[in-house]
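Presented below is the structure to which this report refers.
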Amino acid sequence: MDEPKHSPRPETIAAAYGVASDTAFGAVAPPLYLSSTYEFAGFENPRAYDYGRAGNPTRDLLGRALAKLEGGAGAVVTSSGMAALDLIASQLPAGACVIAPHDCYGGTMRLLKAREALGQLSLHLVDQRDDDAVAAALAGTPALLLIETPSNPLLRVVDIAALSARAKAAGAAVAVDNTFLSPALQQPIALGADYVIHSTTKYLNGHSDVIGGAVVVADAERLERVAQWANVVGCGGSPFDAWLTLRGLRTLFARMRGQQISAMTIAEMLSRHPAVAAVHYPGLASHPDHALAARQQSGFGAMLSFELAGGVEAVKRLIAALRVFTFAESLGGVESLIVHPATMTHADMGDEARALAGIGPGLLRVSVGLEAEADLLDDLAAGLATC
């Protein structure tokens, strides 16, 4: 497909990038290339692709689509979201200082702590809404500032532009995990990020049938280094998973619109319920970061969390009563999921780290899907009646 003379809007990129680009047979849907190896045109004359670890047409098509949506120079598609994070972390010089959120995703903390234990980096966990704590951390000549906004699972929002400017003044690169919002609702590169990390498993694919990740890179020089390192370590995603993710990407904007409408309604209902001690959703005017989220994001997303006043015993009763929500890890699919972070997604953090981050035993995280809003509300109401 020839590049259009005008710049298409993001919805058009998601829905149609790569459509009708097949030069062999004119297929409208982009073909899936499964080959692990490619014939050379002749002696010392490789074609655009020679071996699947180094590059694959389907994987690269997805990468270009993601880069266009995020406003980056390009993207590297990986085998998982954790592989995407590690692709950045593993390139850092030995002993490099990494600043990460004190309340980040449990898998992120596990990976960074494991690399620290091996002596490969020095990890500083910081409340990034605390200006003094950030200043102290940046004084230590960091190599990388990792931002996760909204945070997982407490939906805290930090100022990407302000943090990026401070990090770059200190000589650090900036990576932003944009999994919770996707480029449909937030574009960190425009706010100063050098890298955008995605678990494509989540909203980008949107159907809970793929494990994948991506690193979108702001500039060409960094992109070349990241792509070379991905080839060295062999962390590229599978062609079939890339093809499924590209197919899921077609409906990203439509899915996010419907899901966040229901999320707002659910958050409002939960905030009024006597069994609920607190609701964490930036779309609520009562959320401490509501104004920042409204300025930095183009929507509030479909993730929320809430705390039950009855603690873990109330959690058990609610989970047992639910029929529409599925009690399972992950997020961003068309089905609504509910998890207990303390025993599931953030279990590896340990009691002390969870307490510091504010992840208590009564906290539940919700990924709102595309079921009928009334059914979701009725299901939660039935569950809360047992609490």
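When the residues of the stretch 113-137 are filtered to those that are touching a Pro at 6+ places or on another chain (Cβ under 8 Å) and in a loop (DSSP other than H, G, I, E, B), the one that is surrounded by the fewest Cβ atoms within 10 Å (Cβ to Cβ) is Asp127.
Is it fair to say Arg255 is more than 23 Å from Ser305 (Cβ to Cβ), of a type outside the set (S, T, N, Q) and either assigned by TED's automatic domain parsing to the domain that holds Leu308 or not in a loop (DSSP other than H, G, I, E, B) (or both)? No.
Given the criteria of a type outside the set (Phe, Trp, Tyr) and either in a helix (DSSP H, G or I) or farther than 28 Å from Ala220 by Cβ (or both), does Gly140 qualify?
So Gly140 passes the test.
Filtering Leu356, Leu364 for residues that are over 27 Å from Arg247 (Cα atoms) and outside any helix (DSSP H, G or I) leaves a single hit, Leu364.
The requirement of being over 17 Å from the mean Cα position of the chain (by Cα), in contact (Cβ under 8 Å) with a residue 60 or more places away in the chain and under 23 Å from Ile147 (Cβ atoms) is fulfilled nowhere in the stretch 207-218; no residue meets it. Among the residues of the stretch 155-162, is there at least one that is crowded, with 22+ Cβ neighbours inside 10 Å and either touching a Cys at 6+ places or on another chain (Cβ under 7 Å) or not hydrophobic (A, V, I, L, M, F, W, C) (or both)? Yes, the stretch 155-162 has at least one match.
Within the stretch 272-293, can you find the residues that are part of a helix (DSSP H, G or I) and either crowded, with 16+ Cβ neighbours inside 10 Å or outside the structural domain of Val315 (by TED's automatic domain parsing) (or both)? Steps first, answer last, please.
Going residue by residue through the stretch 272-293, those that are part of a helix (DSSP H, G or I) are 272, 290-293.
If the condition is that a residue be part of a helix (DSSP H, G or I) and either crowded, with 16+ Cβ neighbours inside 10 Å or outside the structural domain of Val315 (by TED's automatic domain parsing) (or both), then His290, Leu292, Ala293 are the ones that fit.
Of all residues in the stretch 13-50, those that are surrounded by 12 or more Cβ atoms within 10 Å (Cβ to Cβ) and acidic (Asp, Glu) total 2. Evaluated against (1) surrounded by 17 or more Cβ atoms within 10 Å (Cβ to Cβ); (2) within 21 Å of Asp177 (Cα to Cα); (3) in contact with a helix residue (DSSP H, G or I) (Cβ under 9 Å, 6 or more places away or on another chain), Val339 falls short on exactly one condition, (3).
Output the residues belonging to the stretch 167-180 that are outside any loop (DSSP other than H, G, I, E, B) and over 17 Å from Ala190 (Cβ atoms). Within the stretch 167-180, just Ala169 meets the criteria. Against the list (1) under 28 Å from Pro282 (Cβ atoms); (2) surrounded by fewer than 22 Cβ atoms within 10 Å (Cβ to Cβ), the condition Leu249 fails is (2). Please enumerate the residues belonging to the stretch 187-229 that are buried (at least 24 other Cβ atoms within 10 Å of the Cβ) and more than 18 Å from Leu244 (Cβ to Cβ). Scanning the stretch 187-229 gives Gln187, Pro188, Ile189, Ala193, Tyr195, Val196, Ile197, Val215, Val216, Val217.
Looking only at the stretch 195-245, which residues are among the charged types (D, E, K, R) and in a helix (DSSP H, G or I)? Even if it seems obvious, please write down each step before you answer.
Filtering the stretch 195-245 down to residues among the charged types (D, E, K, R) leaves 202, 209, 219, 221-222, 224-225, 241.
Listed by number, the residues that qualify are Glu221, Arg222, Glu224, Arg225, Asp241.
Determine, yes or no, whether Phe306 is in the same structural domain as Val276 (by TED's automatic domain parsing), aromatic (Phe, Trp, Tyr), under 28 Å from His198 (Cβ atoms) and in a strand (DSSP E or B). Criteria met by Phe306. Taking the criterion of being outside any strand (DSSP E or B), surrounded by 15 or more Cβ atoms within 10 Å (Cβ to Cβ), at pLDDT below 95 and not polar (S, T, N, Q), would at least one residue in the stretch 94-102 satisfy it? The answer is yes; a qualifying residue exists. Among the residues examined, Ala314 qualifies as part of a helix (DSSP H, G or I) and either closer than 23 Å to Lys202 by Cβ or among the aliphatic types (A, V, I, L, M) (or both).
Of the residues that sit in the stretch 1-55 and are of a type in the set (Lys, Arg) and either modelled with pLDDT of 95 or more or in the same structural domain as Phe240 (by TED's automatic domain parsing) (or both), which one is nearest to Gly236 (Cα to Cα)?
Of all residues in the stretch 1-55, those of a type in the set (Lys, Arg) come to 5, 9, 47, 53.
Okay, now just the ones that are also either modelled with pLDDT of 95 or more or in the same structural domain as Phe240 (by TED's automatic domain parsing) (or both), so 9, 47, 53.
Values: Arg9: 28, Arg47: 20, Arg53: 6 Å.
My answer is Arg53.
If the requirement is being at positive phi, in contact with a Gly (Cβ under 9 Å, 6 or more places away or on another chain) and touching a residue at least 40 places away in the same chain (Cβ under 8 Å), which of these qualifies: Ser238, Ser182? Exactly one of Ser238, Ser182 is at positive phi, in contact with a Gly (Cβ under 9 Å, 6 or more places away or on another chain) and touching a residue at least 40 places away in the same chain (Cβ under 8 Å), namely Ser182. Counting only residues that are surrounded by fewer than 23 Cβ atoms within 10 Å (Cβ to Cβ) and part of a helix (DSSP H, G or I), the stretch 68-88 holds 4 of them.
Go through the residues of the stretch 184-194 one by one and say whether even a single one is assigned to a strand (DSSP E or B) and either among the basic types (Lys, Arg) or in the same structural domain as Lys68 (by TED's automatic domain parsing) (or both).
So in the stretch 184-194, the residues assigned to a strand (DSSP E or B) come out as none.
Checked against the condition, which is being assigned to a strand (DSSP E or B) and either among the basic types (Lys, Arg) or in the same structural domain as Lys68 (by TED's automatic domain parsing) (or both), the stretch 184-194 yields no hits at all.
The values are calculated or read from the model by the stated rules, or taken from the named source; none is laboratory data. For clarity, every value in this text was computed on a predicted model and none was experimentally measured. Here the Cβ is made from the backbone with ideal geometry for all residues, glycine too, and neighbour counts use every protein chain on show.
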